[in-house]
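Following: one structure in C-alpha cells, then a few remarks.
Computed from the coordinates by the stated procedures, all read-outs in this text should not be read as laboratory data. Small disclaimer: the values here were computed from a predicted structure and weren't measured. Cβ placement follows ideal geometry from the backbone for every residue including glycine, while neighbour counts extend to all protein chains displayed.
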Amino acid sequence: PLPLIIDCDPGIDDAVMLMMALGSPRFDVRAITTVAGNVPLRLTSRNARMMGELMGRPDIPVFAGCPRPMLRPPVTAEDFHGESGIYGIDVFEPKAPLQPSHAVDALIRLLKAAPHKGMTLVVTGPMTNLACALVMAPEIAAHIREIVIMGGADTEGGNITPFAEFNIFADPHAAAIVLETGLPATILSLDATHQVRATQARIDRLAQIPGPRAAMMASLLTAANNLETRARPGTKVPMHDPSTIAWLLAPEMFETVNARVTVTTRPGKEFGRTKVRPMKTGPHRWVTKANADAFFARIEDILRIAP
Ligand code: BDR
Ligand code: CA
C-alpha cells in the first residue's frame, strides 16, 4: 500500500475523500492533519476523528494544525457544508483524542522519517499547514513523492469569486509557497472536478450497495446536493476532494498537461486565482479531463470491499 498523509478541512467532500482513502486497501494512511477551512479548526479536527472512527480506523492519528490562514482574514464555507462541516451525518464526539502535537510538527517529523521521495501528500483544504512545514523545514521536500492537491481553477472560473476556487482563495499565500517549491504536484482543480458530479442516478447506485458505509456516502452526497441546489439551482455537487484519491487509485481515468501553476496574491479581483502555464518540463500536472463513470465505479468498488 501507498504511504499517505492526508491534510484536510472536513467538509462533506473531504469526508467522502476520507471514506475512500480509509476504505481502500491500496493506501497506508499514516496521519490525518487538519486545518481551518470549510469550518473552524476545532470542527475540522473533530470531523476528521469522527470519520476515522466511522471507518473503523480510530488508530490513525489526527493532528490539528493552523487555526487561520497566513495573511488574509479567515473565510469559511458553512453554506456548502453545514454548520457542523459534515451536514448529512449525525455528529458525535469521537473516542480517540487529538494528538498532542501540532500538525506542522507532525508533518515535519513524519516526512523526515520517510525514505527519499517516500511519502505522498493529499491536500484537500487551504495549504497553510504544508506551507508552514516547508518554511520551517525545507529539507522535508526531499522526502515527498508527490503532492496531490484539490484546488484552483482555470477554464472553469472560480467557485468563491469569478476567478478563485475556495481552497486557494482561503490561503493564497500558502498555496503560492507550496507551488513555488517546484515540488511535483498533481492538481485537481474545478476544471477537472466539475466533470464529475453526484447525479441522482449515481447516488442511487451507491445506495443499493449493502452496508452502513454505502448508506453513509449516499447520505453525504444527498446532503451536499441539497446545499448545492440551494446556492446554484439545477446543479449537482462536484466530487472535489474525492478526486485526489481517485487520481491515486486510477490515474488512467484522467488527462493532464504538464505546467507551472502560480497563484495571484496581489489584492484585487483576481486574488486567489491560479494561472496555468503549460510547459513540457513544468513541475505540476494540471488535470484537464476526468471520466465520471469510471470514477464512480471506483467508489462502488471501495464500498463493496469495506461495507
Ligand atoms: C473545495 O472547497 C471546499 O469547500 C471543498 O471541501 C473542497 O476542498 C472545493 O472548492
Ligand atoms: Ca476540502
Practice task
Please state the charge dipole magnitude for region 48-115, taken about the Cα centre, from unit charges on C-beta atoms (+1 on K and R, -1 on D and E), reported in debye and rounded to the nearest 20.
Solution key: 440 debye
Problem - By average C-beta atoms within 10 angstrom, highest first, the peptides 71-83, 99-111 - result: 99-111, 71-83
Problem - Dipole moment magnitude, nearest 20 debye, region 20-173 about Cα centre, only Lys, Arg, Asp, Glu C-beta charged - result: 580 debye
Handout entry: Sparse-neighbourhood loop sites, chymotrypsin sites (Phe, Trp or Tyr not before Pro) in region 242-286 - DSSP loop, at most 11 other Cβ within 10 angstrom
Key = none
Handout entry: Percent of C-alpha pairs per 5 Å bin, region 142-274, short to long
Key = 2, 10, 17, 20, 19, 14, 10, 6, 2, 0, 0
Practice task
Starting from the Kirkwood radius over alpha-carbon pairs of region 1-159, derive D by Stokes-Einstein at 4 °C in a medium of 1.567 mPa s and give it in µm² s⁻¹.
Solution key: 82 µm²/s
Exercise for the section: Neighbouring Cβ atoms within 10 Å as the yardstick, rank GLU252, GLU180, GLU165 fewest first. Expected result: GLU252, GLU180, GLU165
Problem - Residues in region 29-62 that a label on ALA137 would reach, taking backbone N under 19 Å of a point 7 Å out along Cα→Cβ - result: 29-35, 61-62
Fill in the blank from the handout: Restricting to Cα pairs under 8 Å and 6 or more apart, the percent relative contact order of the chain works out to 19 percent
Fill in the blank from the handout: Unit-weight point scatterers at every alpha-carbon of the chain, Debye formula, q = 0.08, 0.11, 0.14, 0.15 1/Å: log10 I(q)/I(0) is -0.30, -0.58, -1.00, -1.18
Problem - Average projection area in nm² (convex hull over Cα atoms of region 55-147, one quarter of hull surface) - result: 7.6 nm²
Exercise for the section: Could you work out how far the C-alpha centroid of region 187-217 sits from that of region 16-63, in angstrom? Expected result: 18 Å
Exercise for the section: Indicate the helices, whole DSSP H runs only, in the chain that combine a mean Kyte-Doolittle hydropathy of -1.0 or more with a Cα extent along their long axis of 18 angstrom or more. Expected result: 41-54, 212-231, 292-305
Problem - Distant alpha-carbon pairs in region 74-228 (separation over 20 angstrom), percent - result: 61 percent
Practice task
Count neighbours as other Cβ atoms within 10 Å of each site's Cβ, and list the trypsin sites (Lys or Arg not before Pro) in region 269-303 that are DSSP loop with at most 13 such neighbours.
Solution key: LYS269, LYS280
Practice task
Treating only the Cβ atoms of Lys and Arg (+1) and Asp and Glu (-1) as charged, compute the dipole magnitude of the chain about its Cα centre; round to the nearest 20 debye.
Solution key: 440 debye
Completion exercise
The extension gain from THR161 to ARG42, computed as 0.36 nm times the residue separation minus the Cα-Cα distance, is 40.2 nm
Exercise for the section: Could you order peptides 22-28, 232-238, 32-38 by the average number of other Cβ atoms within 10 Å of their residues, highest first? Expected result: 32-38, 22-28, 232-238
Completion exercise
The Cα extents of region 117-163 along the principal axes, largest first and rounded to whole Å, are 36, 19, 13
